[in-house]
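Working notes, structure below.
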Amino acid sequence: MIETFIRHIRSKSLLNSEKTYLLACSGGLDSICLGTLLNEAGIPFEVAHVNFRLREEESDEDEAFVRNWAKSIEKTIHILQPDTISFARENQLSIQMAAREIRYDWFEKLRTERKLEGIILAHQEDDQMETIFLNLLRGTGIEGIYGMAERRGWLIRPLLSFSRAEILGFAIQTNLMWKEDSSNIKTNYKRNKLRIQALPALYEVAKDAKANLQTSFSRLKDTGKAFTTLFEIWKKEHVKLEDGLQILLISEITTLPGAASLLYFWLRPFGFNPGQSAEILDSSIRGESGAIFESSTHLLNLDRDSLILAPKSAPFEPVEINSNDLEISLPEARFDLLKLEGHIDLDKNPQNAMLDMERLSFPLAIRTWEEGDRFIPLGMKNSKKISDFLIDLKMPLLKKKGIKVLVSEGEIAWVIGLRVANWAKCTAATRRILYLKKR
């Protein structure tokens with residue numbers, strides 16, 4: 001197995017004999033076997049062991065065993081003894097999830113402090129199968145059958161192509177000693193039930209059941225990768241960016257096969273889950289314009305013929321402008337405040353505003369528009385509700401929420417970025433101009 005292991009890590013460029021790594025070692029069969037293979041292959045490593053102190057004397061015996069093993073092969077060892085139960089309680093986690101979080105956080109801390117090349121984990125082929133079936137039991141999508149990667153970031157799993165039977169055979173052949181975790185035989189954990197009861201029964205269905213399952217998952221993984229590539233092409237063609245919003249025409253998604261998956265792959269980086277994606281699709285098909293869905297960080301609005309995605313924004317605190325201010329900074333832009341005199345050619349760009357300064361009363365204020373706000377838009381005679389003004393512009397709801405107004409003594413002088421109020425406009429009689437110019 002040593003020769004096969006060396007060929008494997010070389011062919012996949014998983015490990016470098018000129019670098020030093022951190023081996024996560026429980027003292028069990030897999031990690032002791034992996035440590036032995038690494039040592040024989042000439043891969044430098046240090047050893048990390050976590051004593052979760054959940055099995056009383058047995059946990060301490062495992063720690064002592066790993067200490068002695070590391071000493072026997074002359075490797076630096078690191079030991080952590082966390083209060084796992086308190087950590088789980090304080091963070092509202094199960095014991096299993098708490099233990100996982102503790103060890104991976106510590107491994108990464110060690111890797112950084114010791115300037116190590118990576119963290120080597122002893123997951124093997126049977127662990128991979130268990131992980132895939134656990135994901136399926138949780139209701140996974142296609143990526144759930146990918147399982148664990150041989151290399152992901154700093155995590156390296158060089159045993160994933162070796163079965164438990166191969167590893168046990170190597171251990172017996174080379175007279176290795178290891179520690180058995182008594183909790184591994186308890187079937188109150190899903191993974192243990194899969195390993196001890198469910199998967200062996202499944203493998204007995206046919207002689208080649210296990211091999212065929214592995215082949216099927218490998219093909220599905222390749223299909224998933226192809227889908228991901230095609231999805232990126234589809235997204236680039238159909239999801240448009242406009243003023244910080246992502247916009248997808250409903251007609252370009254509802255009739256497509258696999259529309260729920262396309263929606264989910266688009267929305268999941270922004271915190272939306274598969275259930276929400278299915279709801280969004282149903283609402284789109286039913287034409288429920290105005291419906292809003294939210295994740296922890298984003299809002300998605302069904303607006304007429306489009307799905308519009310925007311980040312959530314913090315409530316805007318009103319900003320005051322004094323007569324001697326030279327600039328003003330808003331979340332979406334910064335403006336220079338220029339004071340001009342004499343006849344000036346007007347800037348007709350709605351992103352900027354030229355106002356008759358003698359009609360303004362300082363300090364001015366910038367705030368988010370409110371229901372009931374009215375103004376007379378430039379070029380009109382009658383006042384109009386800002387809500388109606390924005391509807392006339394067919395402005396998406398998510399963009400409406402962020403619209404701000406410039407106010408002088410309670411009167412709206414400018415709907416920022418859209419329209420100056422008629423009363424504040426510059427005329428031939430204007431002598432002094434306040435010019436708000438977007439940078």
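The values are calculated or read from the model by the stated rules, or taken from the named source; none is laboratory data. Only a predicted model underlies this, so the values are computations on that prediction, with no experimental measurement involved. Reconstructed Cβ throughout: ideal geometry from the backbone, glycine too, with neighbour counts over all protein chains shown.
Things worth noting here:
- For region 393-439, taking the residues that are part of a loop (DSSP other than H, G, I, E, B) and basic (Lys, Arg), the one that is nearest to Gly244 (Cα to Cα) is identified as Lys401.
- Looking only at region 240-299, and only at residues there that are of a type in the set (D, E, K, R), within 22 Å of the chain's Cα centre (by Cα) and under 26 Å from Arg138 (Cα atoms), the one that is surrounded by the fewest Cβ atoms within 10 Å (Cβ to Cβ): Glu294
- The one condition in (1) part of a loop (DSSP other than H, G, I, E, B); (2) at pLDDT 90 or above that Ile344 fails to fulfil: (2)
- Taken over region 1-45, the criterion of being within 19 Å of Arg67 (Cβ to Cβ) and among the hydrophobic types (A, V, I, L, M, F, W, C) is satisfied by Leu22, Leu23, Ala24, Cys25, Leu29, Ile32, Cys33, Leu34, Leu38, Phe45.
- Helices (runs of 4 or more DSSP H) (entirely within region 10-100) containing at least 1 residues that are modelled with pLDDT of 95 or more and crowded, with 17+ Cβ neighbours inside 10 Å: 29-41, 57-72
- Between Pro200, Pro158, the distinction of being farther than 21 Å from Leu121 by Cβ and in the same structural domain as Glu108 (by TED's automatic domain parsing) belongs to Pro200 only.
- Any chance Ser283 is outside the structural domain of Lys394 (by TED's automatic domain parsing) and not in a helix (DSSP H, G or I): no
- Taken over region 206-260, the criterion of being of a type in the set (D, E, K, R) and in contact with a strand residue (DSSP E or B) (Cβ under 8 Å, 6 or more places away or on another chain) is satisfied by Lys240 alone.
- Residue, surrounded by the most Cβ atoms within 10 Å (Cβ to Cβ), within region 324-341, restricted to residues that are assigned to a loop (DSSP other than H, G, I, E, B) and touching a strand residue (DSSP E or B) at 6+ places or on another chain (Cβ under 8 Å): Leu330
- Residue check, Lys394 surrounded by fewer than 18 Cβ atoms within 10 Å (Cβ to Cβ), touching a Lys or Arg at 6+ places or on another chain (Cβ under 8 Å), within 30 Å of Leu302 (Cα to Cα) and modelled with pLDDT under 90: yes
- Residue in region 362-383 that is in a loop (DSSP other than H, G, I, E, B) and touching a Ser or Thr at 6+ places or on another chain (Cβ under 6 Å) present: yes
- Where a residue in region 397-409 is outside the structural domain of Gly244 (by TED's automatic domain parsing) and its partner, wherever it lies, is aromatic (Phe, Trp, Tyr) and part of a strand (DSSP E or B), with Cβ under 8 Å and at least six apart: Val405/Phe375; Val405/Trp414; Leu406/Trp414
- Screening the candidates Ile9, Ile2, Ile73, Ile79 for the property of being of a type in the set (A, V, I, L, M) and in contact with a Lys or Arg (Cβ under 8 Å, 6 or more places away or on another chain) yields one hit, Ile79.
- Taken across region 346-359, residues that are within 32 Å of the chain's Cα centre (by Cα) and assigned by TED's automatic domain parsing to the domain that holds Leu397 do not occur at all.
- Meets criteria (in a helix (DSSP H, G or I) and at pLDDT below 90) for Gly139: no
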